[in-house]
Amino acid sequence: MHQHDNFFLKPKNSRHKQYEALRAFYVERRSATEAARAFGFSKSYFNKLRTLFHQRVLGKEPPSFFVEHQPGPKPKAVEMSVTEMIIALRKQNYSIQDIRAALDAKGQHVNLMQIDQMLKDDGFARLPRRTRQEKELVAPPRKLELPRAERLDIAAWLRAESAERLLITTRHGGLLLFYPFLQQLGIGRLVRVAGYPATEQLSALNYILSFLALKLLDKERLSHVDQLCLDRGVGLFAGLSALPKNAALSSYSYNVTRKMNRAFLKALCRATHRLIPFRGDFNLDFTAIPHWGEASVLENNWKGSQHQSLKSVLAFLGQDPDSGILAYGNAEVKHRDQNDEVLTFVDFWKETHRDQPLKCLIFDARLTTYENLSRLNRDGIKFITLRRRGKNLVKNVSHLAADQWHTVSIDHPKRKYQKPRVHDSKISLSGYKGLIRQLIITNIGREQPVFLITNDFDEETKVLVTKYAHRWLVEKNINECLDFFHLNLLSSSIVVKVDFDLTMTILASTLYRLLARELRGFETLTAKKLFQNFVDNGAELEITESQVTIHLQKKTHNPILFEAKTFQQSWDIPWLGGIQLHFDRQNTT
């Protein structure tokens, strides 16, 4: 048998097989069973194929039935006006890259393959290879002028467009999902209390919302604001015609002081407490935020995740263990003040919540000194921390009698070691006035025992062990801030800028936790997952003089989003002149 015969007798392409099977039935007059078996079809499938062939071929040319369908996304249809624009540009000897750039500048997005195919269909030959100078003679490069950031006046905007209604497309429509929570927090009042600076052109609130937009949208650097300056929907979020440029934002952060940030955090903590009451327990921890500059003037701090000491900003964080909300942050901690930062946090809480005392502070061994633990005890503040483990301490554990230990059962289905062994005793420590309770814990998956110390003599052993186990969640929250909110990407060694960045991170993290609280079944999702599933979405904004209606693009998780009552009602936005914000719940999937 000649090799060419195999092409017809043993076809590999699915459409070719269908062709040969139908030809064998209709032309060679073979039975349906025989034709189906010869080409690997079942009889029922072949009969269905015959029916489709009969229906499709009548009145048409047979080859149209055997066209091989290409998998993958199909290009969108291009409007005739855009096609005419492409042809006109090619007549001026624009390349397909230049044509796409020209279309993008006019808001018409067509991919290179579509442009190329359209030109071929219209009989245009491929352009000869040209030098850069020759290309610039045809299409000289133009510097794109970004729009000026100005306070947004909806009524004036509509008058300028001579329209009663505007439709705006934005790639970041999900950003407006945070508007209700900003309103609930009273963001305008928080900014006024903080005393953040303003300029002649822009208010302090405009600046804060601009910084916040970068945090909420997973942007690594202030320089990435240029990617958003052409998006009028993002400008609307900040109450501006467009976001300020990189230089304006960078200069602004130099004018912010720690006093302003602290006042803002106090007001934010009070506002958050009204929405999600804090019980009074707090996880406390330090984190080193590295600076990668070659000539950094920062102090060296230990970075546990990298097991080395790095030039970095030492930041102190306080987290509510129940909600996961970061309630406090300070990025201006120096080595000489490090041990006293826990007392600074206590003062912060007393100034913020005069009627609610702190119940329990949970932190690791290196956060403060035994003398400061004694001061906490004198102020009636409970604490749980680790005792620094020495060789003699570990050695003495082996001498404890078996009847001095008891087993604690921790009811947590995901915990591998649910029955640790605990030795409970009262001891004295150098620098600490009075006795302190010590829990030696083994059988938790570590080679050496853990030494917990606390001034709480009344709480059950099981509760104390569980509380400290949950403290490790603060480390997870810190890693999330470093990852999604990009705290570890410092572009400056100026500490005041880092402290402002940390303050904006705490605000953004709070907003994500408030959003998660509204989503049934998604309450514990990280900010990164919330962004991917809900926030990272485009929208069409319908703007009138009294209302902005947000038509989010279809997305799998939209139905879950609109089950929340928060997104079923309209919200007044004071910083947009009292205009109402409304979410359209139609066609959400």
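Laid out as a table, the results:
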quantity	calculated
Residue in segment 228-238 that is at pLDDT 90 or above, crowded, with 22+ Cβ neighbours inside 10 Å and in contact with a strand residue (DSSP E or B) (Cβ under 6 Å, 6 or more places away or on another chain) present	no
Number of the condition not met by V465 [criteria: (1) touching a residue at least 40 places away in the same chain (Cβ under 8 Å); (2) exposed (fewer than 15 other Cβ atoms within 10 Å of the Cβ)]	(2)
Residue within segment 509-531 that is touching a residue at least 60 places away in the same chain (Cβ under 8 Å) and acidic (D, E) present	no
Evaluation of R15 against (1) more than 30 Å from N111 (Cβ to Cβ); (2) among the charged types (D, E, K, R); (3) in a helix (DSSP H, G or I); (4) at pLDDT below 80 (one fails), failing number	(1)
Every residue from segment 114-141 that is modelled with pLDDT under 65, outside any helix (DSSP H, G or I) and more than 14 Å from L103 (Cα to Cα)	P140, P141
Output for segment 157-191, where each listed residue is assigned to a helix (DSSP H, G or I) and more than 27 Å from the chain's Cα centre (by Cα)	W157, L158, R159, A160
Qualifying helices (runs of 4 or more DSSP H) (wholly inside segment 336-453; at least 3 residues being crowded, with 17+ Cβ neighbours inside 10 Å and modelled with pLDDT of 90 or more)	341-352, 370-378
Inter-residue pairs, beta-carbon under 6 Å, first on the phi > 0 side of the Ramachandran plot and in segment 208-223, second among the acidic types (D, E) and modelled with pLDDT of 90 or more, 6+ apart	none
Candidate set from segment 454-501 (those that are within 19 Å of R388 (Cα to Cα) and among the aromatic types (F, W, Y)); member that is modelled with the lowest pLDDT	W472
Matching residues in segment 355-390 - criterion: being in contact (Cβ under 8 Å) with a residue 12 or more places away in the chain and within 14 Å of V450 (Cα to Cα)	F363, D364, A365, I384, T385, L386, R387, R388, R389
Segment 532-583: number of residues that are over 23 Å from the mean Cα position of the chain (by Cα) and part of a loop (DSSP other than H, G, I, E, B)	7
Residue check, N206 more than 20 Å from F534 (Cα to Cα), surrounded by fewer than 18 Cβ atoms within 10 Å (Cβ to Cβ) and within 22 Å of the chain's Cα centre (by Cα)	no
Residue within segment 73-84 that is of a type in the set (A, V, I, L, M, F, W, C), over 30 Å from R171 (Cβ atoms), assigned to a helix (DSSP H, G or I) and at pLDDT below 85 present	no
Some residue of segment 162-173 being touching a residue at least 60 places away in the same chain (Cβ under 8 Å) and out of contact with any helix residue (DSSP H, G or I) (no Cβ under 9 Å at 6 or more places or on another chain)	yes
Selection count where residues are basic (K, R) and within 12 Å of G235 (Cβ to Cβ), scope segment 149-171	1
Some residue of segment 520-529 being β-branched (V, I, T), part of a loop (DSSP other than H, G, I, E, B), surrounded by 17 or more Cβ atoms within 10 Å (Cβ to Cβ) and under 10 Å from the mean Cα position of the chain (by Cα)	yes
Pair list, Cβ < 7 Å and 6+ apart or interchain, from segment 21-49 residues that are over 17 Å from L9 (Cβ atoms) to residues that are basic (K, R) and not in a loop (DSSP other than H, G, I, E, B)	A32/K43; T33/K43
Pairs where the first residue, in segment 422-439, is at positive phi and touching a residue at least 12 places away in the same chain (Cβ under 8 Å) and the second is among the hydrophobic types (A, V, I, L, M, F, W, C) and outside any strand (DSSP E or B), C-beta under 9 Å, 6+ apart	G431/L373
Residues that are of a type in the set (S, T, Y) and in contact with a Phe, Trp or Tyr (Cβ under 8 Å, 6 or more places away or on another chain), drawn from segment 370-408	Y370, S374, T385
Yes/no for T503 being on the phi < 0 side of the Ramachandran plot and not in a helix (DSSP H, G or I)	no
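The values are calculated or read from the model by the stated rules, or taken from the named source; none is laboratory data. No experiment lies behind these values; they were computed from the predicted model shown. Neighbour counts are summed over all protein chains in view; Cβ atoms, including those assigned to glycine, are modelled from backbone coordinates with ideal geometry.
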